[in-house]
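Read the structure below first, then the notes.
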Amino acid sequence: MTAVSRLRAAFWERHSNPKSGWSRVLILPALLYAVYRRDWKLAGAAVGFTVVNPVLFSPPADDDAWMTRVVLAERWWTEERGEPVLATAYPSVLNLLNLPVTAYAFVAAYRGNPVRAVLGGLGSVLLKFWYVGALVQRYDEARSE
């Protein structure tokens, strides 16, 4: 195993801690709020947290937690299956659809429309959960075969 592959494996192991996944759910609302308030320090902090989050937590003891399986399923989908994150096939198309929804949320926040920003952000989060839920289902099915 090369040094790069060991680092990559350690990254994914630490990132699969459910605390990593659940805390990342808060990043989009924090960024939208930062843009709405023009609080660039908060935006910088949110981006910084996004960067360090995957390595903040220790590897989980098992893979029983749903959010742990979300991360494991994302890794499986992109590395082992070789599926691009923004493919046009289901469920990857949900990530593709998420791009304009998220952009809408940021534009609404920038324009000072909190209702549209919240609705766009909620739509983005729902699409992401739909995507990862479908990945976990496929991952769990593949593991049980």
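The values are calculated or read from the model by the stated rules, or taken from the named source; none is laboratory data. Just so it is clear, the structure is predicted and the values come from calculations on it, not from any experiment. Cβ placement follows ideal geometry from the backbone for every residue including glycine, while neighbour counts extend to all protein chains displayed. Calculation scope for accessible area: heavy atoms of the full protein, side chains included, ligands and nucleic acids excluded. Shrake-Rupley method; radii C 1.70, N 1.55, O 1.52, S 1.80 Å.
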With criteria (1) surrounded by 14 or more Cβ atoms within 10 Å (Cβ to Cβ); (2) more than 22 Å from A43 (Cβ to Cβ); (3) at pLDDT 95 or above, N95 comes up short on (3)
Over segment 64-86, the set of residues within 15 Å of the chain's Cα centre (by Cα) and outside any helix (DSSP H, G or I) is P84, V85, L86
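Residue-by-condition table, conditions (1) open to solvent by 40 Å² or more (accessible area, probe 1.4 Å); (2) in a loop (DSSP other than H, G, I, E, B); (3) of a type outside the set (A, V, I, L, M):
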position	(1), (2), (3)
R6	yes, no, yes
A9	no, no, no
Y33	yes, no, yes
P54	no, no, yes
P59	yes, yes, yes
D62	yes, yes, yes
T88	yes, yes, yes
P100	yes, no, yes
When segment 102-139 is checked residue by residue, the ones that are open to solvent by less than 50 Å² (accessible area, probe 1.4 Å), closer than 19 Å to R75 by Cα and not aliphatic (A, V, I, L, M) are Y131, G133, Y139
